[in-house]
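To start, the structure under review is shown below, and the notes come after it.
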Amino acid sequence: MSCVLTAKMQQPFVLLGLATLITILLAAYRLAAHPLARFPGPRVAAVSGLFLFYHDVVLGGKLHLELQRLHARYGDSYLDPPCHLTLQN
């Protein structure tokens, strides 16, 4: 019995590696090169929409409180997940 993986057995690992690489490159782009990257805001929110999901669904609809807290912390404009700018007047 050998430990050599056949091409068919390697395919899931190649796809997983490719998906991981794409995710890392997208996150790096959104944090450094995106036109909205210069605006303040939570970095995790700039990378993924899971920030909104967590505060809206997991915490039971407390997203509006988090958005108010972010405006108090970052001022009138901040980067909202993942590529939106939120303004308050």
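So the values come out like this:
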{"read-out": "Residue pairs meeting the criteria (Cβ under 6 Å; at least 6 apart or on separate chains; first at pLDDT 80 or above, in region 75-89; second among the charged types (D, E, K, R) and in a strand (DSSP E or B))", "value": "86/80"}
{"read-out": "Hits in region 21-36 (condition: assigned to a helix (DSSP H, G or I) and either surrounded by fewer than 12 Cβ atoms within 10 Å (Cβ to Cβ) or hydrophobic (A, V, I, L, M, F, W, C) (or both))", "value": "21, 22, 24, 25, 26, 27, 28, 31, 32, 33"}
{"read-out": "Counted residues, region 72-89 - those being under 22 Å from residue 31 (Cβ atoms) and assigned to a helix (DSSP H, G or I)", "value": "2"}
{"read-out": "Matching residues in region 37-71 - criterion: being closer than 24 Å to residue 24 by Cβ, among the charged types (D, E, K, R) and not in a helix (DSSP H, G or I)", "value": "38"}
{"read-out": "Filter result for the condition that a residue is surrounded by fewer than 10 Cβ atoms within 10 Å (Cβ to Cβ) and not hydrophobic (A, V, I, L, M, F, W, C), over 60, 17, 41", "value": "60"}
{"read-out": "Tally, over region 68-89, of residues that are buried (at least 16 other Cβ atoms within 10 Å of the Cβ) and in contact with a His (Cβ under 8 Å, 6 or more places away or on another chain)", "value": "2"}
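The values are calculated or read from the model by the stated rules, or taken from the named source; none is laboratory data. Computed from a predicted structure; not experimentally measured. Please note: Cβ atoms are built from the backbone with ideal geometry, for glycine as well, and neighbour counts cover all protein chains shown.
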